[in-house]
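Participant: I have a structure here, written as structure tokens, and I will follow up with some questions on it.
The values are calculated or read from the model by the stated rules, or taken from the named source; none is laboratory data. All values reported here derive from a predicted model rather than from experimental measurement. Counting neighbours? That spans all protein chains shown, and the Cβs are built from the backbone with ideal geometry, glycine included. Heads up: the accessible areas ignore ligands, DNA and RNA and are worked out on the full protein's heavy atoms, side chains in. Shrake-Rupley method; radii C 1.70, N 1.55, O 1.52, S 1.80 Å.
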Amino acid sequence: MGPFHGGTDPGPGQPETSDLNTLLLQGEDMIEQLGAAHAKAWGLGTADRWDLDQRTGLITWTFPDKIATAPAQILGSFNAEAESWLWAWANDSVLPEMSRDAWAVHEWGQAHGHRALIEPKVHGDASTAGALVAVAVRITRATGYHKGGTGGAIPIITFGPVTLTSKDGGTRTVTVEIG
């Protein structure tokens, strides 16, 4: 069972599981489209390195010929070893201003009665975490998505317009909006 199957009927005024399944499918589609659009526009996924500065709220990707920066939010983190997802709002190492999008998902989950969106930690595998992320991307209507790493607690970051600064100092901003 995935994170959205509680085994009970939804209460009065709560959406059916199929409503969440629709959000899940839309979120998965958004992640795919965002990834492709950002990869094509400025090279997301090909940077030499990336960094996140919680004090400034910026994610930075470093390339041989440019630097890309964007305002960022942390949705949460997935730990494959522990088989758990931890929402950013429940993580003491995440500054409050970096978890606004995660709080928006929490509020939506409360309003619609979906436990997996309001519990601080959700037990599950990568598929469960992927489903939570897809729904969160859809709820927040994120315009960028970055999976930060492959081991330990992997942060999932959303981001806004990307400013590209070339080695000669020229800049341009890339904004991706999808369907």
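Participant: Residue by residue, what Karplus-based ³J(HN,Hα) values in Hz, rounded to whole numbers, does segment 43-55 have, using 6.51, -1.76 and 1.60 with θ = phi - 60° and x for Gly and Pro?
Facilitator: Coupling constants for segment 43-55: x, 3, x, 10, 5, 5, 7, 9, 9, 10, 10, 5, 5 Hz.
Participant: Could you calculate the contour length gain from A126 to T22, that is, 0.36 nm times the residue separation minus the distance between their Cα atoms, to one decimal place in nm? Could you put the intermediate results ahead of the total?
Facilitator: Working: separation 104, 0.36 × 104 = 37.44 nm, distance 1.96 nm.
Length gained between A126 and T22: 35.5 nm.
Participant: Helix check for the chain. Which DSSP H runs span at least 15 Å along their own axis by Cα, with a mean Kyte-Doolittle hydropathy no less than -1.0? Kindly include the intermediate steps, with their values, before the conclusion.
Facilitator: Details: long enough: 17-42 (37 Å, -0.11); 100-112 (18 Å, -1.08); 126-140 (21 Å, 1.52).
Both cut-offs are met by 17-42, 126-140.
Participant: Identify the trypsin sites (Lys or Arg not before Pro) of segment 54-134 meeting these criteria: DSSP loop state and at most 13 other C-beta atoms within 10 Å of the C-beta.
Facilitator: Details: sites: R55, K66, R100, R115, K121; in loops: R55.
Within segment 54-134, the qualifying trypsin sites (Lys or Arg not before Pro) (loop, at most 13 other Cβ atoms within 10 Å) are R55.
Participant: Whenever you get a sec, compute what percent of the accessible area on the chain sits on carbon and sulfur atoms (1.4 Å probe).
Facilitator: Numbers: 4690 of 9390 Å².
It is 50 percent, rounded to a whole number.
Participant: Here's something else I'd like to know. On full extension of the chain, what length is gained from T175 through A82, given 0.36 nm per residue of separation minus the C-alpha to C-alpha distance?
Facilitator: Details: separation 93, 0.36 × 93 = 33.48 nm, distance 3.56 nm.
Stretched fully, the T175-A82 segment lengthens by 29.9 nm.
Participant: How much accessible area per residue does the chain have, counting only protein heavy atoms and a probe of 1.4 Å, in square angstrom? Could the numbers behind the result be given before it?
Facilitator: Details: 9390 Å² over 179 residues.
Accessible area per residue: 52 Å².
Participant: For the chain, what is the relative contact order in percent, using Cα pairs closer than 8 Å and at least 6 residues apart in sequence? Intermediate values should be presented prior to the final figure.
Facilitator: Numbers: 325 pairs, mean separation 49.3, N = 179.
Once divided by the residue count of the chain, the mean separation gives 28 percent.
Participant: Taking the simple approach of a point 7 Å from Cα along Cα-to-Cβ for both F63 and R115, what is their distance in nm?
Facilitator: 4.5
Participant: Could you work out the local net charge near S84, counting Lys and Arg as +1, Asp and Glu as -1, over the other residues with Cβ closer than 12 Å to its Cβ?
Facilitator: Working: positive: K121; negative: E81, E83, E119, D125.
Its environment carries a net charge of -3.
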